[in-house]
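Bear in mind these aren't lab numbers, they're just calculated from the coordinates by the rules spelled out. Just so you know, these numbers come straight off a predicted model, no measurement behind them. Because the Cβ atoms are built from the backbone with ideal geometry, glycine has one as well, and the counts that use them run over all protein chains shown.
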Amino acid sequence: MHRWLRILLVGTTVVVVWANAARAASVVCIDPGHPSETSSGDALQNGLREVEVNWQVAICLAEDLRQAGMEVVMTKSAAREYVTNRRRAEIANAAGAALMIRLHCDTGAGTGITFYFPDRQGVKEGVKGPSQSVISRSREAAERIRSAVAAQGLALRDNGVKPDTATAVGSKQGALTGSIFAKVPVVTVEMGFLTNLRDARYLASETGQSQVSAALAAGIVRFLGPPTHADGGAGPNRNPARSRVLEDVGARGDGTARQPPGRDAAQGPQQPGNEGASSRAVAVGLVVFLLSFAAMVWAWRRASASSGRRR
Ligand SMILES: [Zn+2]
């Protein structure tokens, strides 16, 4: 094979492998809680059903993360699709997610947003997990996301980070089922108490859902680092599907007109750390330029060689 052709092929392979490695680093699995073997999430509380709130915030979050340059995998394709908690973790594992974020709402006498992570191994269906490395990465994820969310000033009390064992299921199993089967870092967010009227109103409103989603996205970007897509980054335009979802919710919400303060936090070139993505784009451009130059030289040498033979 001609030397230049060989260089061209090797160069192209390097670019393709590089681009794929960059993609794999930024997959986030969003798990909108319920219906599962634990509960349908369909109970009416202060006019809200948990399964619907989880789904609506999940759709907002998927869009915010995509706009921030992340790849998103969902554990469900419809609000009321039944998926077991084990299966949810398996979807995140199969996607090779860098993080699995599980969206839920609390019930009981409390108020505010709480972040849970597995702090030890649990056992479910004869399986012990998660691994020690997943435990330590999950703790790191929960702490980073929680501190970024706290900085956004949501209208929700910050209950901080707690271990899975502080939950009803986790106290029996050692960890939540979705954590036990997770082979990727996993954080469960209880976004607020639907039994608390103030939390419920906030989570029903367009403003509340938008703010919670933006704050979580900012935290996830903080944990995972800047998006590695060369084509990542934000635009000011919102997805029309998102607007439709928000209109649906707004019809039932309290309509408070506060502007989401965190709207831009997860996006845009002003985000510190986006230099990584842009320098990668520059490097890819440089490689493409060098390959084009190599191809030109090769073509020129071939042409001059054949014209030399003709003479
Ligand atoms: Zn739940």
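Within the stretch 35-52, being touching a Ser or Thr at 6+ places or on another chain (Cβ under 8 Å) and away from the ligand (no atom under 11 Å from the Cβ) holds for E37, Q45, N46.
Of the helices (runs of 4 or more DSSP H) lying entirely inside the stretch 116-193, those containing at least 1 residues that are surrounded by fewer than 24 Cβ atoms within 10 Å (Cβ to Cβ) and hydrophobic (A, V, I, L, M, F, W, C) are 132-150, 168-173. In the stretch 80-115, the residue that is farthest from the ligand (Cβ to nearest atom) out of those that are in contact with a Lys or Arg (Cβ under 9 Å, 6 or more places away or on another chain) and under 26 Å from T207 (Cβ atoms) is L99.
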